[in-house]
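The values are calculated or read from the model by the stated rules, or taken from the named source; none is laboratory data. On a predicted model such as this, the values are computed, not experimentally measured, just so you know. Note that each Cβ is placed from the backbone with ideal geometry, even for glycine, and that neighbours are counted across all protein chains shown. SASA here: full protein model, heavy atoms, side chains in, ligands and nucleic acids out. Shrake-Rupley method; radii C 1.70, N 1.55, O 1.52, S 1.80 Å.
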Amino acid sequence: MDVMQEIGSSLRNGDAKKVAELVQQAIDDGVPAEEILNNGLMSGMKVVGVLFRDHEIFLPEVLLAARAMTAGVDLLKPLLAGGDVPTIGKVVIGTAKGDLHDIGKNLVGIMLKGAGFEVVDLGNDVTAERFVDAALDSGAKVIGISALLTTTMSSMKDVVDLVRERGLDGEIRTIVGGAPVSKDFADEIGADAYGYDAASAVEQVKALAGV
Amino acid sequence: MTDAVRFPRAEATPDHRTVLTAQGIPDGAEVPPRVASLVDEALKIYSTHVDAVGTSVEISIEEFGAIYPGDGRNAHRTPLEAIYPEARRLALFAITVGEPVCAEIRRLFDHGDAALGYTLDTIASTGAEGLADSMARNYELGFSGSGPDVSNVRVLPYSPGYCGWHVSGQAKLFEALRPEGIGITLNSSFLMQPLKSVSGVLVAADREAHDFDIDFAFCTDCADQNCRERIHSVLDDSGGGQ
């Protein structure tokens, strides 16, 4: 097994210490940082995402893998151009206005980062204006809105409506998710996509962003 | 009269297996050692931060009848509107596992340790739900010796935000219960702080009164339908009672 495969395997096992050791070994061997990132960490995380989507591993294992990935990325950052990790797109996420339950949103953010997205996390209790302004300011093409309560789901429609009112539909896409949210609800409010869970949210965001 | 109670740490702490189940790992599934260690670590953190308190106050059916409609935003038809008039007794309640646990969850996420933060969050949520059940059990135990016809009485907690009881109902519930005295406050969106808190009404009624069909408009949007498990817990409980 070469070092890239070993990194992927250790990532899958959530072994942050081993991932850091292997990434350092690859750096010391002169492997370019971009190659370690893409062929070791990102491809390893992609496998983790597929295993989770297929219900072969559980969420805590995904989070341990994400922690291991961070350990590796931290070593690569100084070696990457400008110290920036290359991303495949930007996504703005937050919980709907009135909702303080941010665990689901946080998990989606971690999975998106693992998939290579830059995530602008607005936190919880986010107004429609903040969502749209943040997308415009950051250049994000996708807004992800999460809600745990049926009573805050209506705030999701405010975001979708505001995107339309500002003539940004088609330019900025919206995806909604959370325990009480359904595909029917997403269709009803005119959202562009619905994330059943964190794994499907990542797939949907990729489709929306065209990557 | 309002009663306040401080829960022992053990009563507020879910066991290892319960935490795994809450994380979606079914009984019998192979648990990776790193995940088991993560749960152990989070349980240790939880035990050093948990500060579980609760409060309750007895209330009449008529008084609750004035609280339940809130500001008129409940679903057109709800299970609780048929259940509470059948109650032998009612009590408003609120519990929390405390702000320090919630602050620690936020800190872990802010510091990029989502694995531990998520696990601690699961423990705190499960712990809070367990405390609501403890309040219900203790309320049920209070029926001991209160009459010969109480053996069929079971207590279940019902909360705003669920089963058609609009979350705005928290406002009137808080006015009557005043849980601010144990550190639970309500924000403008009717959400409690600390976040890991549970409030509602304890309904002591004959077990059959808690049963209902899932044919309400909001049931189609309900992802977990754990009302079935709750109802079965009282209908199938032949060994309890007083």
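Results, tabulated for the structure shown:
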{"read-out": "Condition met for A:Asp161 (more than 30 Å from B:Leu195 (Cα to Cα), of a type outside the set (Gly, Ala, Ser) and more than 14 Å from chain B (Cβ to nearest Cβ))", "value": "no"}
{"read-out": "Selection count where residues are within 20 Å of the chain's Cα centre (by Cα) and part of a loop (DSSP other than H, G, I, E, B), scope region B:13-57", "value": "8"}
{"read-out": "Residue check, A:Gly190 modelled with pLDDT under 90, out of contact with any Asp or Glu (no Cβ under 7 Å at 6 or more places or on another chain), farther than 17 Å from A:Lys113 by Cα and surrounded by fewer than 17 Cβ atoms within 10 Å (Cβ to Cβ)", "value": "no"}
{"read-out": "Residue that is nearest to the chain's Cα centre (by Cα), among those in region A:120-160 that are open to solvent by 60 Å² or more (accessible area, probe 1.4 Å) and at pLDDT below 90", "value": "A:Leu148"}
{"read-out": "Strands (runs of 3 or more DSSP E) (entirely within region A:118-211) containing at least 1 residues that are in contact (Cβ under 8 Å) with a residue 60 or more places away in the chain", "value": "A:142-146, A:173-177, A:193-195"}
{"read-out": "Single unsatisfied condition, B:Arg6 versus (1) in contact with a strand residue (DSSP E or B) (Cβ under 8 Å, 6 or more places away or on another chain); (2) surrounded by 14 or more Cβ atoms within 10 Å (Cβ to Cβ)", "value": "(2)"}
{"read-out": "Search result, residues across region A:6-23 that are of a type in the set (A, V, I, L, M, F, W, C) and within 20 Å of A:Glu56 (Cα to Cα)", "value": "A:Ile7, A:Leu11"}
{"read-out": "Qualifying residue in region B:94-107 (condition: farther than 30 Å from A:Arg67 by Cα and not basic (Lys, Arg))", "value": "yes"}
{"read-out": "Number of the condition not met by A:Ile88 [criteria: (1) β-branched (Val, Ile, Thr); (2) in a helix (DSSP H, G or I); (3) surrounded by fewer than 18 Cβ atoms within 10 Å (Cβ to Cβ)]", "value": "(2)"}
{"read-out": "Single residue of region A:1-12 satisfying the filter (over 25 Å from the mean Cα position of the chain (by Cα) and among the aliphatic types (A, V, I, L, M)) that is least open to solvent (accessible area, probe 1.4 Å)", "value": "A:Val3"}
{"read-out": "Leading residue by the ranking (nearest to the other protein chains (Cβ to nearest Cβ)) among those in region B:80-134 that are small (Gly, Ala, Ser) and touching an Asp or Glu at 6+ places or on another chain (Cβ under 7 Å)", "value": "B:Gly98"}
{"read-out": "Filter pass, A:Leu107 being open to solvent by less than 20 Å² (accessible area, probe 1.4 Å), facing chain B (nearest Cβ under 10 Å) and among the aliphatic types (A, V, I, L, M)", "value": "yes"}
{"read-out": "Selection count where residues are open to solvent by 80 Å² or more (accessible area, probe 1.4 Å) and either more than 20 Å from B:Gly112 (Cβ to Cβ) or within 14 Å of chain B (Cβ to nearest Cβ) (or both), scope region A:13-33", "value": "5"}
{"read-out": "Selected residue (criterion: farthest from the other protein chains (Cβ to nearest Cβ)) from residues of region A:44-63 that are open to solvent by 50 Å² or more (accessible area, probe 1.4 Å) and either among the hydroxyl-bearing types (Ser, Thr, Tyr) or over 16 Å from A:Ile88 (Cα atoms) (or both)", "value": "A:Val50"}
{"read-out": "Sole exception among (1) under 30 Å from A:Ile27 (Cβ atoms); (2) over 20 Å from the mean Cα position of the chain (by Cα) for A:Phe117, by number", "value": "(2)"}
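Matching residues to (1) within 14 Å of chain A (Cβ to nearest Cβ); (2) touching a residue at least 60 places away in the same chain (Cβ under 8 Å); (3) open to solvent by 30 Å² or more (accessible area, probe 1.4 Å):
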{"position": "B:Thr185", "(1), (2), (3)": "yes, no, yes"}
{"position": "B:Ser188", "(1), (2), (3)": "yes, no, yes"}
{"position": "B:Gln193", "(1), (2), (3)": "yes, yes, yes"}
{"position": "B:Asp206", "(1), (2), (3)": "no, yes, yes"}
{"position": "B:Ala217", "(1), (2), (3)": "yes, yes, yes"}
{"position": "B:Cys222", "(1), (2), (3)": "yes, no, yes"}
{"position": "B:Glu229", "(1), (2), (3)": "no, no, yes"}
{"position": "B:His232", "(1), (2), (3)": "no, no, yes"}
{"position": "B:Asp236", "(1), (2), (3)": "no, no, yes"}
